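Here is the structure we will look at, set down as structure tokens.
The values are calculated or read from the model by the stated rules, or taken from the named source; none is laboratory data. Everything quoted here is computed from the prediction, not taken from an experiment. Note that each Cβ is placed from the backbone with ideal geometry, even for glycine, and that neighbours are counted across all protein chains shown. All accessible areas refer to the heavy atoms of the entire protein, side chains included, with ligands and DNA or RNA removed. Shrake-Rupley method; radii C 1.70, N 1.55, O 1.52, S 1.80 Å.
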Amino acid sequence: MKESNKKSLHVKTGDRVIVTTGKDKGKIGNVKKAIPSENKVVVEGANMVTKAQKPNPMAGIQGGLVKMEAPLDSSNVMVVCPSCEKPTKIKHEIKDGKKVRVCKKCGEQLDV
Ligand SMILES: [Zn+2]
């Protein structure tokens, strides 16, 4: 893995985010998965799609139609600050030599 190619998103797995555009606008959910290489995130309960799943007995999958979250563009979500509980932009600050994410609204650190 090349560190220099490593991109980072403003959201991370486990963040609480609000969808800001599209059919799920206003929906709040947790980030199930962040995909920095594609600039996308999978948000719990948002951007649901129905997919045909092929049966795979080896993996215990019966097959059929399954509902699942499709990745959203990371620019379509905003982090909901755990401190002020508002959708907010993130700024990066260096604290004790560590890069941390800070809420632009209340100034609280998002990563503990
Ligand atoms: Zn805040």
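Out of all the residues in region 56-91, which are open to solvent by less than 80 Å² (accessible area, probe 1.4 Å), over 13 Å from His10 (Cα atoms) and of a type in the set (A, V, I, L, M, F, W, C)?
Across region 56-91, the qualifying residues are Ala59, Ile61, Val66, Met68, Ala70, Leu72, Cys84.
Mind listing whichever residues of region 27-45 are in a strand (DSSP E or B), farther than 11 Å from Glu69 by Cβ, over 8 Å from the mean Cα position of the chain (by Cα) and small (Gly, Ala, Ser)?
none
Taking the criterion of being modelled with pLDDT of 95 or more and either within 18 Å of the chain's Cα centre (by Cα) or near the ligand (Cβ under 10 Å from one of its atoms) (or both), would at least one residue in region 57-69 satisfy it?
In the first step, residues of region 57-69 are kept if they are modelled with pLDDT of 95 or more; the result is 69.
Keeping just the survivors that are either within 18 Å of the chain's Cα centre (by Cα) or near the ligand (Cβ under 10 Å from one of its atoms) (or both) gives 69.
The answer is yes; a qualifying residue exists.
Considering only residues that are of a type outside the set (Lys, Arg) and part of a loop (DSSP other than H, G, I, E, B), which ones fall in region 46-62? Spell out the reasoning first.
Taking region 46-62 and keeping what is of a type outside the set (Lys, Arg), we get 46-50, 52-53, 55-62.
The answer is Ala46, Asn47, Pro55, Gly60, Gln62.
Tell me yes or no: at least one residue of region 34-48 is more than 23 Å from Asp111 (Cβ to Cβ) and open to solvent by 90 Å² or more (accessible area, probe 1.4 Å).
no
Considering each residue of region 28-56, count those that are farther than 22 Å from Val102 by Cα and touching a Gly at 6+ places or on another chain (Cβ under 9 Å), and give that number.
Total satisfying the criteria: 9.
What about Lys98, is it among the basic types (Lys, Arg), away from the ligand (no atom under 16 Å from the Cβ) and not assigned by TED's automatic domain parsing to the domain that holds Thr21? Quick ask: steps written out before the conclusion?
Numbers: among the basic types (Lys, Arg): yes; away from the ligand (no atom under 16 Å from the Cβ): yes; not assigned by TED's automatic domain parsing to the domain that holds Thr21: yes.
Yes, satisfied.
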